[in-house]
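Every number here is computed from the coordinates shown, using simple stated rules; none is lab data. In this text, all values refer to a predicted model and were calculated from it rather than measured experimentally. Glycine also receives a Cβ, built like all others from the backbone with ideal geometry; neighbour counts cover every protein chain displayed.
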Amino acid sequence: MKLKVVEKTVKERPANATHWSVRSMAEEMGISHTSVQRIWAEHGLKPHLLRSFKISNDPDFFAKVEDIVGLYVDPPEKALVLSVDEKSQIQALDRTQPGLPLKKGRAGTMTHDYKRNGTTTLFAALDVAAGTVIGECLARHRADEFLSFLKTIDRETPAHLDLHLILDNYATHKTPAVKRWLARHKRFTLHFTPTSCSWLNARRAAPRRNHSPAHPARNLQRRHRTQDRD
């Protein structure tokens, strides 16, 4: 019976649901729901959980992964590696009335409803080695705003350091205006992640030689040369 329950769990779906529950499986197999729970626990089965994935079709997938993992694990001397991303359409919300402050015996309060104050876009550049972030909120998400953020990074980082920016393939990163600006600011180098790819999955798929003694990920903090920023 155990094998039948396991086989039905992994190979079939109920006719009227997206996945088996302990009770639907128990009814289907004519056993108690506690027996189904025990069998699933023994075999590590959790039909209610799903993990999404996407396989990148980028022809330069491995070259990009090697490039970016190499930057994280063994950054160049006198250079700063920044992971750059944007979060657009962030709603700027406010409560309709002021809340009451926290006091002894009573939690702070806020209204259940809110009013909208438009949207904003967060631009952020993370220095993974130091754990610091350069951030800026701008009204829109276009090449003009991306250029503005590049100028912010230029101002807020030591001028003697080369800058390696790791970012996705968003169209605003590759416009003629952006390319012209980068051509005039040679210390900036952009590195693009593989197209249609979860970066976490890409990191896991990195070639094994990136984990060799020459590229120990655990030594990233130690290898980061803080004196170059002084």
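Restriction of the chymotrypsin sites (Phe, Trp or Tyr not before Pro) in region 33-83 to DSSP coil positions whose beta-carbon has at most 11 other beta-carbons within 10 angstrom yields Phe53. For the chain, a Gaussian network of Cα nodes joined below 10 Å ranks His173, His43, His112 by mean-square fluctuation, and the top entry is His43. Here region 2-43 is treated with +1 on each Lys and Arg Cβ and -1 on each Asp and Glu Cβ, and its dipole about the Cα centre works out to around 40 debye. For the options Thr189, Thr121, Thr96, a Gaussian network treatment of the chain with springs between C-alpha atoms closer than 10 Å singles out Thr96 as fluctuating the most. Gyration tensor over the Cα atoms of the chain: the corresponding equivalent ellipsoid has semi-axes (square roots of 5 times the eigenvalues, largest first) of 44, 30, 19 Å. The charge dipole of the chain, taken about its Cα centre with unit charges on the Cβ atoms of Lys, Arg (+1), Asp and Glu (-1) only, comes to about 460 debye. Using a cutoff of 8 angstrom between alpha carbon atoms and counting only pairs six or more residues apart, the relative contact order for the chain works out to 23 percent.
According to the Kirkwood expression over distinct Cα-Cα pairs, how big is the hydrodynamic radius of region 2-43, in Å?
Working: mean 1/r = 0.0989 Å⁻¹.
Hydrodynamic radius (Kirkwood, Cα pairs) of region 2-43 is 10.1 Å.
Helix 61-73 and the longest principal axis of the Cα set of the chain meet at an angle near 70°.
Cross-link pairs exceeding 30 Å between alpha carbons, from the set Lys64/Lys151; Lys54/Lys186; Lys11/Lys64: Lys54/Lys186; Lys11/Lys64. Considering only Thr120, Thr111, Thr172, the mean-square fluctuation computed in a Gaussian network model of the chain, springs between alpha carbons under 10 angstrom, is largest for Thr111.
Taking the charge dipole of the chain about its Cα centre, with +1 at Lys and Arg Cβ atoms and -1 at Asp and Glu Cβ atoms, the residue from Val178, Gly131, Thr157 reaching farthest to the positive side is Gly131.
Return the calculated 222 nm mean residue ellipticity for the chain, to the nearest 500 deg cm²/dmol, obtained by summing -39500 (n - 2.57) across DSSP H runs with n ≥ 4 and dividing by the residue count.
Rounded to the nearest 500, it is -9500 deg cm²/dmol.
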